[in-house]
Every structure is written in C-alpha cells, then in structure tokens.
Amino acid sequence: MHDETWMLIEVGALLLGLSLLGRLAIKFGQSPIPLYMTAGLVFGSGGILPLQASTDFLSSGAELGVVLLLVMLGLEYSPTELVGNLKSSARAGIWDGLLNAIPGAVFALVLGWGPIAALAMAGVTWVSSSGVIAKVLRDLGRLGNRETPIVLSVLVLEDLAMAFYLPILSAVVIGASLLQGAITVAIAVGSVSVVLYLAVRHGKKLSRIFHSEQPETLLMGVLGLTMLVAGLASEVQVSAAVGAFLVGIALSGQVAHNAEKLLAPLRDLFAAIFFVFFGLTTNPADIPEVFFPALILAVVTMSTKVLTGYLAAKRAGIGRPGRWRTGLALMPRGEFTVIIAGLAVSAGVQPLIAPLAATYMLITVISGPVLARITDTAWFKQQMKAAAKREGALAGSSTSVAP
Amino acid sequence: MGVRIEKIDLPGFGVRHDVVTQAGQHIGVLSFRDGHREVALYDPEDPDAILGSVALTGDEAAALSDLLGHAALLSQLSGLGSGTIGLFTEQLVLPADSRFLDRPLGDTQARTKTGTSIVAILRGKDVIPSPTPAEILRLDDLIVAVGTREGLDKLDKLLAHSQV
C-alpha cells in the first residue's frame, strides 16, 4: 500500500516536472526529448535524487513507450508508401545504411568492444529520428519543399530496415552459437518478411475486425493487438518493437486513421517515460568517460548523414541549397538509437553503450535541429549564390573553350 | 490541353500535388491526413524551397476549388471540341437587338429547334451553370452551348433573330 502511494507521488511529480521542462523546450524551439532524458539521469541510479518506488512502473511504461512509438510509426505509413519508397529510393537507403552504420561499427571495434557491440553500434549511428525530424520540417515550414519527400523516404526506409535489423540484433546479442544464431536470424527475418508481405497484401482484412467509429473499443482493440503481437514477437526474438511496427503497417484505412488519433496522447506520455527510463538506467557517472568519444562519433556520423542527404537529393535533381537542407535535416538520432542501445545493454553486451548512446543522442538531437536552421540564414544563401556564380562562370568558360 | 500534375507521397503527412503552369510556374498543393490543405508557391531563386504557403481548412479548400472550378469547367468545355465525337462547344454573345433579350431562356426553344444544349451563361463575373428555362437573358450575356457544328450554327442564327 505504502509503495503504491509513493509510486503515485513519484510518478506524479516526475510527470509534472516533465511537463514544465517540455514547455520550456518548446518555447525555445527545441525537442523536449533531451530534457526528458536528462531528467532521467538526474533521478536515476547514481543520480542526484534516485527514485525508489516507481522504477517498476517506469520500466513497464518504457516498454509500452517503445511499443507505442513503433505502432504509431507503422500507422503513419501506408503499405503502398512503403512499397513505393522501397522501389524508388532503395539506392538512397543503401547509401544511408553504409555511410552511417559503418562509422558506428568501426568505432566499437576501435574501442575493442568486439563484433556484437559493433553490430549494435552500427544501428545506434545509422537511424535518424523520424519523430524529431518530422517536427523540425514542420516547424521550419519545409513540408512543401521539393527535397522533403527525399528526407521522408530516407526515414521510411530506415524504419523499414529496422524491421530486419532488430530481429537480427536480438538474435545475435543472446549469444547463441553460430549455427543456432543463424537459424534464429533466419526465423526472425523469415517471419518478418512473411508478416510484412501479409500486412501489405491483406492488411485490409485485419482492419475489418475493428470498428472504427467506437473510440473506446477501437483504442482497446488496437492497443491490445499491438501489445499481444509485440509480446509474441519478443518471445521469438523478433523484438517487441518490430512486432508493434508490423501491426501498425498492417492496419489501414479509417481504422488506422482513427487509431492514430486515439493512440497519439498515449504515445506522447509513454514515449516520454521511455526516454526518462533510459536516462534512469544510465549511470551519469559513466558519462564523462564516454563524452569525448561520443562527441567525435557524433561529429563523424552527423557529417556522413549530411553527405547521405546531399547525395540522395543530388540524384533526385534537387539544387544545391536543397541538397544541404536534406543533409542537415537528417542529422538528429533518436528513438531507435535508444532502443538499440537498451537492447544491447540489457543483454550485457557492453555496459558503456548506454552512456555513450545517451550522450551521442543528446548531442545530435540538441545540435541537429539548430544546425538545420543554417540553410535559412542570409549567410548560407549568400554562399549558395556565390557557389552558383562560380559554377556558372566555370560552365561559361568551358563552353567558350569547347568550340 | 492536359495539365501537368505530379503526385508525390509525403509519408507520415499526406501527399503533395505539383501543378506546373503553362508559364512554367509551380504550385504545390499539400493535402494532409488531417484534412487541412496548403497551397504553396516556390522561390524563383531556389526552386526547391517554398516561398510561402496558405493553409486552408477542408471547407476553404472546397470553396476555393469551386471558385476555380467554374472557370475550369468552361475552359474544359471549350476544349471538348477537337471534333472526335462530333460535339463542339461555342460561346455565343447575345446580340443587342435579339428578340430574346430580357426574355426567359425557355422561349428560345433552343434544344428543340437546334438540338444544342445551353450549359452555362456568363454574365459579367458571374457564372450561371446549367441555367433553367426560366433564366432571363440579359444584354451582353455570353451563352455557352454544346452541340453539333450544324446545331450551333442554327443556334447562332436563332439568337441573332432581331425583334420583329
């Protein structure tokens, strides 16, 4: 009884605090995620004011946060969008994977963390944050821009790639033998492919079991199905996140639209708890040790993201300013970085991944949206004009020489 | 004449339709999942970036499209021609001495006598789509009619009948 009372007090105070922090962040045009995570660091083990009674609740809440984040991600994309993007932007997606995953993997190997940690770190640095980036694009009024579909399609492909990456990682981190590991991976990838195929082909049938007009039953039904599938997926090492994502993709039409509206507030609540919880479980005392490596990693992989975006936009025929906008917008990492780090740490791969990923994500999430604004400055526009003029002069001189 | 419209997915947000005008200008029409729309214009110096956009609610978008639609309907009708199906559209001016001036459209018996259909009347800035027989014809009305070549010629003569 006493414990539950304390749970109410702690969680209540925490949420109230988060709300105030969030307001502050939004006022300064920042994502509130860094503040949520910092709050977690302050109240966590080794922090200034460790929480006692509410860790169980927060732990479950964080798990639910992952499930909700992913099911919402799936709901936002229609199967046709996924297939369409896969066809049109596969090349950009592959470049994105290579340019951004390899630095993370190399980093882990250089630090001597071994191949499994390298696989995890590849994921940590690979995936940009759809949530943060979508918000930045909206805030900066860039949704109508011609390069925006390129940014979004990179995000879609990354999220889709996670549906295969996470099961592989979960199979590898439990440290099965090579053969056993290969079988687990094959099962995981196979089941994801089958579910994805069924979701794209027959998603409408699944949506039909729900009644889209009754908010209460729809909320419980969709949340129930998502948690059930997420749990089952986790049981067969496909990872709960992927299960939830697939449910989101499979639901379509009015059901998906209404479910999105109903789940959004729940997602906001539990996603905040998820970020707090990651902060809670990360010991702030470990951060100074990993700060500089994280900073270096952030600088390198933010640059590779810019390069990814620049090249993808160039291929799509976007002009020079738009290429920079694409690259700079893609820099922030977010939820997947934390999910992957959490997965690796809970399997005991390398404890330092948690503080490193936390610091790394904080750096990219705080600096990314600020840097993305560079392209709106007068200075940047001046540079672009100068570059265009140089190129024009160059083209002009070469044509005069050619004949 | 076809209009170039491109559809581009904005995963997670909705779709953008890109309309390229004959003069080479681009108009972006963003349709968001929540039903609101935005109409955007592009920066001539940086054609990938929008210069600004106008947010429209569903109702406003519908009203705007109605407004543009009337004009578009008429230009589409006049484009019906090309003779492939033997139907033409013509805009006829009601002559100042026509005997149908200030009389209801029904009096012309245009459909019976010429086999043509009067699909709209343009009066100044107003458009009267599908006018009823009771519609009174006014000076300077522009009558939009669809019919065969012969029918339209007959209609032209019919309307030109001066007051007896």
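What follows is calculated from the coordinates using simple rules that are stated; it is not laboratory data. Quick caveat: nothing in here was measured; it's all calculated off a predicted structure. Cβ sites come from the backbone with ideal geometry, for glycine too, and all protein chains shown count toward neighbours.
Could you work out the local net charge near residue A:34, counting Lys and Arg as +1, Asp and Glu as -1, over the other residues with Cβ closer than 14 Å to its Cβ?
With Lys, Arg at +1 and Asp, Glu at -1, the net is +1.
What percent do you get for the relative contact order of chain B when only Cα pairs under 8 Å and 6+ apart count? Let's see the in-between values first.
Values: 285 pairs, mean separation 27.0, N = 164.
For chain B, the relative contact order is 16 percent.
Distance between the modelled labels on residue B:22 and residue A:296, one decimal in nanometres: 6.3 nm (7 Å Cα→Cβ projection). Over the protein assembly as shown, DSSP H runs of length four or greater, each weighted -39,500 (n - 2.57), average out per residue to a 222 nm ellipticity of -22000 deg cm²/dmol. Per residue, the convex hull around the alpha carbon atoms of region A:260-371 comes to 135 Å³. Magnitude of the charge dipole for region B:4-56, about its Cα centre and with charges confined to Cβ atoms of Lys, Arg (+1) and Asp, Glu (-1), is about 300 debye. If you place +1 on the Cβ of every Lys and Arg, -1 on the Cβ of every Asp and Glu, and leave all else neutral, what size is the dipole of chain A about its Cα centre, to the nearest 20 Debye? Around 2040 debye, computed over chain A. Under the shape rule built on the C-alpha gyration tensor, where the axes satisfy a ≥ b ≥ c, region A:58-387 is oblate, since a/c reaches at least 1.5 while a/b does not exceed b/c. Put in line by how crowded their Cβ is, counting other Cβ atoms within 10 Å and starting with the fewest, A:361, A:121, A:72 read A:72, A:361, A:121. What FRET efficiency do you get for residue B:107 and residue A:83 if R0 is 51 Å and r is their Cβ-Cβ distance, rounded to the nearest 0.05? Computed FRET efficiency for residue B:107 and residue A:83: 0.25. Ordered by the count of other Cβ atoms within 10 Å of each Cβ, fewest first, A:234, B:130, A:31 give B:130, A:234, A:31. Between residue A:16 and residue A:262, the C-beta separation translates, for a Förster distance of 22 Å, into a calculated FRET efficiency of about 0.35. Centroid-to-centroid, using Cα positions, region A:172-221 and region B:87-164 are 65 Å apart. Rounded to a whole number, what is D in µm²/s for the protein assembly as shown from Stokes-Einstein with the Kirkwood radius over alpha-carbon pairs (4 °C, 1.567 mPa s)? Estimated via Stokes-Einstein, D reaches 47 µm²/s. What angle do you read, to the nearest 10 degrees and between 0 and 90, between the alpha-carbon axis of helix A:215-235 and the longest principal axis of chain A? Orientation of helix A:215-235: about 90 degrees from the principal axis.
Each label was represented as a point 7 Å from its Cα along the Cα-to-Cβ direction; for residue B:91 and residue A:380 these points are 4.6 nm apart.
Farthest toward the positive end of the dipole of region A:58-387, out of A:285, A:99, A:344, is the Cα of A:99, where the dipole comes from beta carbon charges about the Cα centre.
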